[in-house]
Amino acid sequence: MDWKTLQALLSGVNKYSTAFGRIWLSIVFVFRVLVYVVAAERVWGDEQKDFDCNTKQPGCTNVCYDHYFPISHIRLWALQLIFVTCPSLLVIMHVAYREDRERKNREKNGEGCPKLYSNTGKKHGGLWWTYILSLFFKLTIEITFLYLLHWMWDSFDLPRLVKCSNVDPCPNIVDCYIARPTEKKVFTYFMVGASSICIVLTVCEIFYLIFKRVCSHHSSKPRCVTQEGDKHRLSSFDEWLMK
């Protein structure tokens, strides 16, 4: 996986993010992607090779490993990082759509024509909703993956010894030992902690944007537009529909 390409794509989100969003992106790349690439992959690289069981029954070790690790921690974290960063691309795509509309408007009406948007990257109108939806998507993905990690391994703990029972072709109860369980436990708690911090930042950003939107709505005064002698008051929602 090319993490540099993903970082290059998401670095543009900083221009349209709030302070919470910039902190979130920094934590994702420094404490999650960088830790994943530099250290976590090496820690979990020997998990299946050094998964030892006290039996020589052919296939038993592989079956016990698959039973206890239906999906590897490292692959689950990779999926989590991919899914949690993809919603941010919606914001970039929406801004690109606005810029394309602005370019076509200039080509059609000339360089001196009125702009469709005062700032294509400003979070108002449809872009505000896109940004909020991307935050809810990220929040849902983070919580879902934390729940999966907790559910599949019955908490975030990694025991030194696991007992494999009633799994063919293993005879009776087989004791299996995880390689470097303490080191892997430390990285598991670290990744869970970083994910929890990202959840808190995402929730703070959602409340911040909603609070700012409500304050802006109450502080804005309705304008009056005279048309054929009649005055019509335009609400903020009507103004948004016109943009």
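Just so you know, all these numbers are worked out from the coordinates, no wet-lab data involved. As the structure is a computational prediction, the values presented were derived from the model and not from experiment. Cβ placement follows ideal geometry from the backbone for every residue including glycine, while neighbour counts extend to all protein chains displayed.
Side notes on the structure shown:
- Calculated FRET efficiency, Asp168 to Ala96, Cβ-Cβ distance, R0 = 51 Å: about 0.40 to the nearest 0.05.
- Residue-wise HN-Hα couplings along the stretch 159-171, as the Karplus relation 6.51 cos²θ - 1.76 cosθ + 1.60 with θ = phi - 60° gives them from phi, are x, 6, 10, 10, 9, 9, 10, 6, 10, 6, x, 6, x Hz; Gly and Pro carry x.
- Loop-located trypsin sites (Lys or Arg not before Pro) across the stretch 67-176 with a Cβ neighbour count of 15 or fewer within 10 Å are Lys115, Lys122, Arg160, with loop assigned by DSSP.
- By average C-beta atoms within 10 angstrom, highest first, the peptides 57-63, 184-190: 184-190, 57-63
- Here the convex hull built on the C-alpha positions of the stretch 93-228 has a volume of 227 cubic angstrom per residue.
- Derived scalar couplings between HN and Hα for the stretch 142-148 equal 4, 5, 4, 5, 5, 5, 4 Hz in order, rounded to whole Hz, by the Karplus curve 6.51 cos²θ - 1.76 cosθ + 1.60 (θ = phi - 60°), x for Gly and Pro.
- Taking a Cβ cut-off of under 13 Å around Leu149, the surrounding Lys, Arg, Asp and Glu residues balance to a net charge of 0, with basic ones at +1 and acidic ones at -1.
- Here the gap between Trp151 and Leu116, fully extended at 0.36 nm per residue and compared with their Cα-Cα distance, gives a gain of 7.7 nm.
- Gain on full extension, evaluated as 0.36 nm per residue between Arg42 and His67 minus their Cα-Cα distance, stands at 6.8 nm.
- Summing charges over neighbours of Ser134, with a neighbour being any other residue whose Cβ is under 14 Å away from its Cβ, gives 0 when K and R count +1 and D and E count -1.
- Taking amide H atoms as placed 1.01 Å from N in the peptide plane, the amide H of Gln57 has no partner under 5 Å among residues 5 or more positions away or on other chains.
- When each of the peptides 166-172, 152-158, 91-97 is scored by how many other beta carbons lie within 10 Å of its residues on average, the order from highest to lowest is 91-97, 152-158, 166-172.
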